[in-house]
1. Enumerate the pairs (first residue in region B:98-127 and more than 9 Å from chain A (Cβ to nearest Cβ); second residue anywhere and open to solvent by 60 Å² or more (accessible area, probe 1.4 Å) and not in a helix (DSSP H, G or I)) with beta-carbon separation below 7 Å, excluding pairs fewer than 6 apart on the same chain, so at least 6 apart or on different chains.
2. Which pairs do you get when a residue that is under 18 Å from A:LEU131 (Cα atoms), found in region A:83-107, comes within reach of a residue that is among the charged types (D, E, K, R) and not in a loop (DSSP other than H, G, I, E, B), reach meaning Cβ atoms under 6 angstrom, with the pair 6+ apart or on two chains?
3. Looking at B:LEU32, B:LEU70, B:LEU21, B:LEU5 in this structure, which one is in contact (Cβ under 8 Å) with a residue 12 or more places away in the chain, open to solvent by 10 Å² or more (accessible area, probe 1.4 Å) and within 17 Å of B:ALA209 (Cβ to Cβ)?
4. Of the residues that make up region A:304-317, is at least one of a type outside the set (Lys, Arg) and assigned to a helix (DSSP H, G or I)?
5. How many residues does region B:136-153 contain that are assigned to a helix (DSSP H, G or I), touching a helix residue (DSSP H, G or I) at 6+ places or on another chain (Cβ under 9 Å) and either surrounded by fewer than 21 Cβ atoms within 10 Å (Cβ to Cβ) or more than 10 Å from every other protein chain (Cβ to nearest Cβ) (or both)?
6. Does B:PRO139 count as farther than 20 Å from A:LEU266 by Cβ and in contact (Cβ under 8 Å) with a residue 24 or more places away in the chain?
7. Among the residues of region B:1-41, write down those that are small (Gly, Ala, Ser), within 14 Å of chain A (Cβ to nearest Cβ) and not in a loop (DSSP other than H, G, I, E, B).
8. Give me the residue from region B:73-120 that is open to solvent by less than 70 Å² (accessible area, probe 1.4 Å) and not in a helix (DSSP H, G or I) and, out of that set, farthest from B:VAL28 (Cα to Cα).
Amino acid sequence: MNAKGISSRRHERHLITGGTMNRRGFLAGAGALALAAPAATLMLDAAETPAAGATLQEVRLGQLVSYTGDLANYGLRCKRGAQMRIDEINQSGGVAGKFRLKYVPYDDESKVEIASAVAQKLVGDRIQMFLSTTASTFDIAINPVIKRGRVLMLVWGNTNPKITIENPYAFRDVYTALTQGYVDAWFMAEKLGQKKIATITDNSNVGNSSTTDRVVEVFTKKYRGAISAKESFQEGDKDFRAQLTRIKATGAECLYIAGFSAETALVAKQCLDVGYKPKYLVGNDSWDDPNMIKLAGKELQQDFQSYFTTALAADDPDPIFQNWAKKFKAKYPGETPSTVEAQGYDAVQIGAWALTKAGKYNGDAMRQALETLVNRPPQDGIKGLIMNPKGLTFNSTHDPIMAITVVQIKNDKFSYVAKINPGTDGTRSYS
Amino acid sequence: MDTILQQLVNGFSTGATYAMLGVGFAMVYGVLKLMNFAHGDVFMVGAFIGYWLGGYLLVRFPYLPALLTLFAAVVVCALANYLIERLGYRPLRNAPRLSMLLTALAVSMLLENGMQVLAGSKLRGFPNLIPPTVHHLGPVYIPNSSIAMAVVAFGSTLIADSLVYRTRAGKAMRAISFDLQTAILMGINVDAIISWVFVVGGALAGAAAIVYGLAYPSVDPYMGLLPGLKGFVAVAIGGIGSIRGAVLGGFLLGYAETLAGGFLPSALKDTLAFALLIIVLMFRPSGLLNVPWFSERV
């Protein structure tokens with residue numbers, strides 16, 4: 001028997017079973033570790049919600065949004081805006097002097113399947129109003145559950161028109177894809193003077209795809225322009241060179257990218273990899289994420305001129321916004337607020353108004369309260385909002401008529417270019 | 001014609017990534033008959049090392065940040081893979097194969113969620129470790145990252161191939177793949193050899209992660225899921241357990257994806273890639289290079 005050979009039965013058993021480590025012990029340890037990680041994050045979240053007040057009735061304001069995953073940055077920014085308004089309300093005596101708001105988070109992990117499951121949980125927990133998700137696809141997925149549960153849904157950023165059409169409990173504090181697509185097409189046709197554009201769209205998200213469809217409709221039918229290429233990708237894709245090579249062959253000088261920051265940044269970088277140098281990159285409010293500048297700042301600012309539409313620019317000259325932004329920066333040092341934070345803030349304000357008017361914490365009652373604002377002039381509407389400071393009312397599909405801001409990515413910031421309110425032209429059909 | 005040439009260049013980076021990940025899968029499958037789901041996540045760990053160390057080195061020691069980061073990622077991923085095998089798979093060697101598979105899944109989720117807790121889920125940009133110049137050669141544009149990918153991919157798969165077919169340790173790996181019990185009886189130190197397989201597999205994943213980060217500079221805790229899955233698909237197409245098959249399968253899959261994206265509606269890109277897998281498996285259930293990897297010829 002040689003030195004490497006089996007010299008004892010124990011050694012043989014060792015070779016076959018792989019060691020004397022206690023398997024049960026190890027698995028228990030690994031299991032505990034795996035459980036501890038998400039539990040730790042839950043504890044961090046719970047510690048942030050305020051303690052219950054003494055005389056006010058505590059009502060829960062839910063938020064079903066992405067705190068983790070690809071869309072986490074949007075979810076967390078909205079949360080900060082919402083939390084700011086909730087704290088302001090609670091510190092000044094609560095809603096109508098009767099209710100204290102408690103923030104209850106539900107994480108959908110940027111995954112649609114989880115959003116649907118978590119919506120069931122939210123309804124089961126008897127939450128009567130909540131701020132909805134980070135992407136239109138998620139909102140559409142949870143609509144049936146919310147409708148059945150009769151919960152007031154405050155849509156703060158998603159633009160697909162179907163969300164409010166399908167669900168009478170949904171009220172939006174922001175424009176729809178119809179208006180945004182109109183303004184994007186107007187900007188490219190009239191301000192940038194383009195007669196031919198190419199588009200590349202995140203088809204896995206109906207907010208983005210409906211905006212591109214609207215851009216195509218308005219650009220071709222109203223402005224008689226041409227769409228030289230209509231490419232698509234899925235959220236999570238990393239390689240866009242195949243699509244960009246095709247777009248390059250059409251020679252379009254302006255590329256419309258409807259996608260979130262992760263993908264748009266890579267698209268911008270990969271344009272250069274395939275030798276495609278359009279003059280302009282234009283996008284929708286899915287671009288509104290400061291992370292974009294960290295990911296592709298050099299390309300977006302030096303290699304192209306990049307514009308996108310959103311509700312507010314970080315340097316919007318309106319004094320109401322500036323004051324609010326100052327308060328926000330004091331509360332969250334190091335964060336620069338813009339559209340997403342304001343959308344969260346405004347959504348809470350709308351919810352608080354509904355609760356005041358209804359007088360009770362009930363989804364149906366609050367919905368009826370908001371319905372009294374349909375088709376009323378804005379000055380009769382909800383005040384104290386950042387995106388619509390003159391007052392907010394809804395049209396018949398529960399969406400507001402409001403202005404859209406065009407921003408340019410310049411000096412590592414989202415810089416104000418212009419603000420347009422297309423009025424009813426924005427939602428008109430042009431086929 | 002220009003477009004076709006450009007698409008051929010485009011497909012190379014994708015194909016090379018799947019090839020490198022596939023080789024790691026193939027080696028582990030060869031010795032343990034285990035689908036190592038955690039491989040894609042070790043790849044992700046390598047990308048994060050590249051992000052952290054690369055970002056640091058780029059600012060403080062701007063000479064050779066790419067090589068140092070590559071070396072660091074290779075070492076860390078090799079060590080991580082070794083630890084995973086030692087702690088997770090070795091104790092289960094005599095257990096039903098399902099247990100090891102479940103452990104692999106659990107390690108995968110542990111790495112993903114662990115990294116999410118450690119680093120947060122915000123997307124980060126991979127640092128420019130090599131100058132991001134794009135070379136214009138006639139009608140095609142070749143970014144520097146594709147060249148880096150080519151060098152690392154060829155180098156690492158060549159090393160893996162020579163290791164398995166031209167060294168004694170490689171012979172031992174092939175023997176274990178053929179019959180574990182007989183290999184033990186023949187006096188092969190099975191523990192050590194299997195550990196080496198994981199070390200090499202981890203090293204490959206680490207190298208793949210750095211060049212992947214250079215080509216697709218976006219890093220997040222779940223980035224390893226889909227490339228890992230496609231690496232496995234590459235192995236299935238090329239021939240389970242064969243290194244050269246994994247490389248072939250990887251490039252086939254990468255090019256199928258890119259050319260599908262280039263000449264058909266881009267929504268069909270992924271669909272067509274997986275359809276290719278189904279078609280190949282229908283006609284050659286063990287993959288294209290239908291030869292067990294312990295044979296001398298392939």
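1. The qualifying pairs are B:ALA104/B:PHE37; B:LEU105/B:PHE37; B:SER108/B:PHE37.
2. If the second residue must be among the charged types (D, E, K, R) and not in a loop (DSSP other than H, G, I, E, B), the pairs left are A:MET84/A:LYS331; A:ASN90/A:ARG100; A:ARG100/A:GLU58; A:LYS102/A:GLU58; A:LYS102/A:ARG60; A:VAL104/A:ARG60; A:PRO105/A:ASP45.
3. Numbers: B:LEU32 fails: within 17 Å of B:ALA209 (Cβ to Cβ); B:LEU21 fails: open to solvent by 10 Å² or more (accessible area, probe 1.4 Å); B:LEU5 fails: within 17 Å of B:ALA209 (Cβ to Cβ).
The conditions single out B:LEU70.
4. No, region A:304-317 contains no residue that is of a type outside the set (Lys, Arg) and assigned to a helix (DSSP H, G or I).
5. As a first pass, look at region B:136-153 and keep what is assigned to a helix (DSSP H, G or I): B:144-153.
Checking which are touching a helix residue (DSSP H, G or I) at 6+ places or on another chain (Cβ under 9 Å) leaves us with B:144-146, B:148-153.
Going one step further and asking which of them are either surrounded by fewer than 21 Cβ atoms within 10 Å (Cβ to Cβ) or more than 10 Å from every other protein chain (Cβ to nearest Cβ) (or both), we end up with B:144, B:148-153.
Residues flagged as assigned to a helix (DSSP H, G or I), touching a helix residue (DSSP H, G or I) at 6+ places or on another chain (Cβ under 9 Å) and either surrounded by fewer than 21 Cβ atoms within 10 Å (Cβ to Cβ) or more than 10 Å from every other protein chain (Cβ to nearest Cβ) (or both) within region B:136-153 amount to 7.
6. Yes, satisfied.
7. B:GLY11, B:SER13, B:GLY15, B:ALA16, B:GLY40, listed by residue number.
8. The selected residue is B:GLY120.
The values are calculated or read from the model by the stated rules, or taken from the named source; none is laboratory data. Remember, it's a predicted structure, so these values are computed and weren't measured experimentally. Cβ: placed from backbone, ideal geometry, glycine included. Neighbour counts: every protein chain shown. All accessible areas refer to the heavy atoms of the entire protein, side chains included, with ligands and DNA or RNA removed. Shrake-Rupley method; radii C 1.70, N 1.55, O 1.52, S 1.80 Å.
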